[in-house]
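The values are calculated or read from the model by the stated rules, or taken from the named source; none is laboratory data. Model, not experiment: these values are computed from the prediction. All Cβ positions, even for glycine, are placed from backbone atoms using ideal geometry, and neighbour counts span all protein chains on display.
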Amino acid sequence: MRYYKLGNTDLTVSELGFGGIPILRLESTEAESILRYAFDKGINFFDTANAYRDSEEKIGRAFAGMRDKVVLATKTMRRDGKGALENLEQSLRMLRTDYIDLYQFHQVAQESVWEEICAHGGALAVLQKAKEAGKIRHLGITSHSRPMAAKLIQTGLFGTIQFPFNFIEEAAAQDLHPEARRLGLGILAMKPFAGGMIDNATIAFKYLRQFSDVLPLPGFDSVAAVDEVAGFYERENGLNADDEARMASYRQELGQQFCRRCEYCQPCPQGVMITPAMGYQVAARRMSPRVSVEFSRAAMETVPRCIECGVCIQRCPYNLPIPEMLKKHYDLWGKHCREVNCSPR
Ligand code: SF4
Ligand code: SF4
């Protein structure tokens, strides 16, 4: 495992990080042992968020007594100063520390959100003060929106930027990445598997490893998953012609209009299970229609409840035409149901 300085910050990080979402599904002891296993494999950067339920608490317990050995990053979704400060104090308690290495404004994907953060009484001024007081070493920003991320890195206020970066969303590599590098920001790659759409870890990490200043943050929920990805960083590897062809076929299959399973669109006021229903087309290809019709039945049966209110579209950072896409997936599911003789109920 190689270590490097994260942008112009003074944080020395492993070239592979640990994303803190999947551990929230695990029992505490299992989560802690996976975290410690990842640390033993050389990973020293752990990224979590106030919004990830007990993820901070598990990380805090796993690394109690070894604070100086790990780099801890977390985030707040609160845009007001009072709320952001409450989140920060909670993160400090949960992570069992008196400082956070990297504290990020979580998912700033709209102009209006950024205005709230910067407004009088907003989160920015309060967290800058917390930084002066030593509770935060560096401030960062995360965004699923490329245009917003491109704008925010120009403010000069942040030490890092975190955005979706994988071989499907390669546009980030063409503009956002070189500009963030030029400005000296640390670059964190969320969604190395494009929200689960990429099911080939080898290609996913071969692609990312080309960018020596990009820190991928895959989530791990097992020792085997840590081994698979961390093992990849123990040897030299590069993309070959076969990999390029496979990446091209993923891109062709998914295009840019696909659901990243970020779940920002939820909950639907009508109870539509948007995220699993949005993934039906890919599930059907990967599993075969016979398996996928039953696998997705519970979600697909909620789709007719959609009244096209548009609430989810406003929340989706990728501006996906969700009701239209749901309808297409529902029609496909109905077609597959008929093909395998198990009509939609
Ligand atoms: S448009 Fe449909 S799926 Fe989206 S929130 Fe409204 S009812 Fe739910
Ligand atoms: S529809 Fe949009 S907001 Fe909802 S999970 Fe998919 S990408 Fe995320």
ask   = Which of (1) away from ligand 2 (no atom under 16 Å from the Cβ); (2) surrounded by 19 or more Cβ atoms within 10 Å (Cβ to Cβ); (3) at pLDDT below 90; (4) within 27 Å of T160 (Cβ to Cβ) does R209 not meet, given it meets every other one?
value = (3)
message = Just to be sure before I move on: is V229 assigned by TED's automatic domain parsing to the domain that holds S14, surrounded by 18 or more Cβ atoms within 10 Å (Cβ to Cβ) and away from ligand 1 (no atom under 13 Å from the Cβ) in the structure I sent?
response = yes
task = Scan segment 204-224 for residues that are under 16 Å from L26 (Cβ atoms) and free of Cβ contacts under 8 Å to residues at least 60 places away in the same chain and jot them down.
result = A224
Number of the exception - L188 against (1) more than 16 Å from ligand 1 (Cβ to nearest atom); (2) buried (at least 16 other Cβ atoms within 10 Å of the Cβ); (3) not in a strand (DSSP E or B) = (3)
task = Enumerate the pairs (first residue in segment 166-192 and under 12 Å from I141 (Cα atoms); second residue anywhere and modelled with pLDDT of 95 or more and among the basic types (K, R)) with beta-carbon separation below 9 Å, excluding pairs fewer than 6 apart on the same chain, so at least 6 apart or on different chains.
result = G186/K5; I187/R181
task = Could you check how many residues of segment 150-184 are surrounded by 14 or more Cβ atoms within 10 Å (Cβ to Cβ) and outside any strand (DSSP E or B)?
result = 20
task = List every residue pair whose Cβ atoms lie under 6 Å apart, where the two residues are 6 or more positions apart in sequence or sit on different chains, the first residue falls within segment 68-89 and is farther than 20 Å from L16 by Cβ, and the second residue, located anywhere, is acidic (D, E).
result = R79/E116
task = Kindly list, by first and then second residue, each pair from a residue in segment 304-325 that is closer than 11 Å to Q257 by Cβ to a residue that is charged (D, E, K, R) and near ligand 2 (Cβ under 6 Å from one of its atoms), limited to pairs with Cβ atoms under 7 Å and residues at least 6 apart or on different chains.
result = Y318/R260
request  = Filter segment 308-333 down to the residues that are more than 10 Å from ligand 1 (Cβ to nearest atom) and under 19 Å from the mean Cα position of the chain (by Cα), then identify the one that is surrounded by the fewest Cβ atoms within 10 Å (Cβ to Cβ).
outcome  = N319
ask   = Yes or no: F39 out of contact with any His (no Cβ under 7 Å at 6 or more places or on another chain), free of Cβ contacts under 8 Å to residues at least 40 places away in the same chain, outside any helix (DSSP H, G or I) and surrounded by 15 or more Cβ atoms within 10 Å (Cβ to Cβ)?
value = no
task = Would you mind stating whether R251 is farther than 30 Å from E301 by Cβ, surrounded by fewer than 17 Cβ atoms within 10 Å (Cβ to Cβ) and not assigned by TED's automatic domain parsing to the domain that holds Y52?
result = yes
